[in-house]
Amino acid sequence: MRTKLWKRIIACLLTGAMIGMLVACGNSNDSGTDTQDTTADSDTGSDAEDTGSGGDEGTEAAELNLLSHRYAALEYYAQAMVDNAPENVTLNTELTTYGDWQEKMTMNLSSKSSAYDLTYIFPPDLATFADGGWLLPLDDYIEKYKDEYHFDDIPDYLWDAYTYDGHIYGIPSHQWAALIFARDDVLKEAGLDAPETLDDLVAAAEALTTDSRSGLTLSLKASDLLAITFQCFMTACGGWWFDDDMKPAFNSEEAMEAISYIQKLMPYCPDGSTTYGSDEAALAMTQDLAAMGLIQTTRSGDMDNEEKSKVVGKVGFYNPPALEEGGPTASLFATAGYSISAFTENDPDLVFRTMCNALTEDVMKEGAETGMPVRTSLLNDELFESRPDYKAAWDAIQDGARMRPAIPEFSEIMEISMTALADVLINGTDAQPAMDKAAAECEEILDEAGYYE
């Protein structure tokens, strides 16, 4: 069904890999990749129950390899996987940038390589990998170990995120949402509350803008980060990427209203915001260059980091505003976890237990400082009192925050649609015809992929 799409994806990756090898011949390795044989002890999950590792003494030693993207939560869980592995398992971890992870994992899996047994996984990539037959279905293992690992402690909406074509292909480790980060001291001085509607947000952004500080910061860099911002506003306005028949709907009346609000807010954002990603938006907040920001909770720890932030103790976290009070808010939720390669040459049961030993309640509780847990037993008042960003994220999820579409074609659709939207925001191109043209092109891709058969 999707043969032509895969030929395009793999051809692009092969070209990128060839270029990368040519560049590497004349440059040192500065890609941020960290490859380790991580068998040393650390304190991540060291006091956790040794779940599932019993009975491994005397069995044949196994060496497993994990490839992962890198940020604080993923560093924690990679080390926790090492620390809590069954006694006969040596786990090697390789952490790198998201782009490098995506390219390397796609190249390995598409060639049916057994180089990596385990991988970090993001649900949109899970859909692509599972569609190619590259990931191991986990349904039988989840059923076998459901009591031992208390899988009923993970809510259904997260299992849904790791399900493709009726099968579960991943286990979640943490989650996050887009929130309003706001300078509580600046709001108080201006006599304002955190905005509850999109019109409130526009008014507050205007009121808080000064010569030295922007009223708001947004991630507007095409295509991935702009897609996050666009989805947030589109959700608040009642729109979505596709209609019920999977026809592109990012050119709908609701989507046009979302674009209109982004355009209204841009004059109150820092100069150069169309090049801003999550890091730049968070930096604007920590350096006192913006009074508010629509930012994901993966960056909330930066606000009170004394080595990075000029605004320690001054930033509050709020469920984003809705179009109208009580409606869906301008947020999204996302999650990351782990999957098993369909081409592992090690015992899949052992690989599964190695993965899940690092995803127990005890390990997640200890790792809550780095990422919002996925287990309902940990999403409680005690956690929310200590982490108001997690409380706001949980509220946003309950109020209708959605994950981006997890279909194999979405990366291509996102690239086309967000290139069109960037042209609208940067060059002032008329939004409706630009998005109509992009929608028509994306409909052809979906038709070719077989969605309308």
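The values are calculated or read from the model by the stated rules, or taken from the named source; none is laboratory data. Since this is a predicted model, take the numbers as computed values, not measurements. In this analysis, Cβ positions are derived from the backbone assuming ideal geometry, glycine residues included, and neighbour counts consider all displayed protein chains.
What the table shows:
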{"read-out": "Residues of the range 249-268 satisfying the condition of being over 15 Å from residue 228 (Cβ atoms), part of a loop (DSSP other than H, G, I, E, B) and under 25 Å from the mean Cα position of the chain (by Cα)", "value": "249, 251"}
{"read-out": "Among the candidates 139, 160, 184, residue that is modelled with pLDDT of 95 or more and surrounded by 14 or more Cβ atoms within 10 Å (Cβ to Cβ)", "value": "184"}
{"read-out": "Residue among 392, 342 that is small (Gly, Ala, Ser) and either modelled with pLDDT under 95 or over 27 Å from residue 147 (Cα atoms) (or both)", "value": "392"}
{"read-out": "Residues being in contact with a strand residue (DSSP E or B) (Cβ under 9 Å, 6 or more places away or on another chain) and part of a helix (DSSP H, G or I) - total across the range 269-282", "value": "5"}
{"read-out": "Test: residue in the range 194-203 that is surrounded by fewer than 21 Cβ atoms within 10 Å (Cβ to Cβ), at negative phi and either in a loop (DSSP other than H, G, I, E, B) or among the aromatic types (Phe, Trp, Tyr) (or both)", "value": "yes"}
{"read-out": "Lone unmet requirement of (1) among the hydrophobic types (A, V, I, L, M, F, W, C); (2) over 25 Å from residue 302 (Cα atoms); (3) buried (at least 20 other Cβ atoms within 10 Å of the Cβ) for residue 396", "value": "(2)"}
{"read-out": "Total residues in the range 71-100, condition among the aromatic types (Phe, Trp, Tyr), surrounded by fewer than 23 Cβ atoms within 10 Å (Cβ to Cβ) and either outside the structural domain of residue 351 (by TED's automatic domain parsing) or part of a helix (DSSP H, G or I) (or both)", "value": "1"}
{"read-out": "Out of 145, 169, 149, sole residue that is at pLDDT 95 or above and touching a Pro at 6+ places or on another chain (Cβ under 9 Å)", "value": "169"}
{"read-out": "Which numbered condition residue 217 misses (of (1) β-branched (Val, Ile, Thr); (2) out of contact with any helix residue (DSSP H, G or I) (no Cβ under 6 Å at 6 or more places or on another chain); (3) surrounded by 24 or more Cβ atoms within 10 Å (Cβ to Cβ); (4) within 30 Å of residue 436 (Cβ to Cβ))", "value": "(2)"}
{"read-out": "Residues satisfying the stated conditions in the range 395-410, i.e. farther than 30 Å from residue 133 by Cβ and either in contact (Cβ under 8 Å) with a residue 60 or more places away in the chain or among the small types (Gly, Ala, Ser) (or both)", "value": "395, 396, 397, 399, 400, 401"}
{"read-out": "Flag for residue 130 being over 23 Å from residue 397 (Cβ atoms) and in contact with a His (Cβ under 8 Å, 6 or more places away or on another chain)", "value": "yes"}
{"read-out": "Members of the range 358-393 that are touching a residue at least 12 places away in the same chain (Cβ under 8 Å), out of contact with any helix residue (DSSP H, G or I) (no Cβ under 7 Å at 6 or more places or on another chain) and of a type in the set (S, T, N, Q)", "value": "360"}
{"read-out": "Any hit, the range 355-370, residues being hydroxyl-bearing (Ser, Thr, Tyr) and farther than 27 Å from residue 243 by Cβ", "value": "yes"}
{"read-out": "Residues satisfying the stated conditions in the range 95-114, i.e. hydrophobic (A, V, I, L, M, F, W, C) and under 15 Å from residue 128 (Cα atoms)", "value": "101, 105, 107, 109"}
{"read-out": "Matching residues in the range 426-445 - criterion: being buried (at least 20 other Cβ atoms within 10 Å of the Cβ) and either farther than 17 Å from residue 252 by Cα or not assigned by TED's automatic domain parsing to the domain that holds residue 245 (or both)", "value": "none"}
{"read-out": "Out of 347, 381, 362, 389, sole residue that is crowded, with 22+ Cβ neighbours inside 10 Å, among the acidic types (Asp, Glu) and assigned by TED's automatic domain parsing to the domain that holds residue 87", "value": "389"}
{"read-out": "Inter-residue pairs, beta-carbon under 6 Å, first free of Cβ contacts under 8 Å to residues at least 12 places away in the same chain and in the range 279-304, second of a type in the set (A, V, I, L, M), 6+ apart", "value": "304/312"}
{"read-out": "Selection from the range 283-294 of residues that are buried (at least 23 other Cβ atoms within 10 Å of the Cβ) and part of a loop (DSSP other than H, G, I, E, B)", "value": "291"}
{"read-out": "Qualifying helices (runs of 4 or more DSSP H) (wholly inside the range 295-408; at least 1 residues being more than 25 Å from residue 203 (Cβ to Cβ) and of a type in the set (S, T, N, Q))", "value": "348-356, 381-386, 388-398"}
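Yes or no, residue by residue, for (1) in the same structural domain as residue 363 (by TED's automatic domain parsing); (2) closer than 17 Å to residue 397 by Cα; (3) in a helix (DSSP H, G or I):
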residue	(1), (2), (3)
124	yes, no, yes
142	yes, no, yes
149	yes, no, no
187	no, no, yes
192	no, no, no
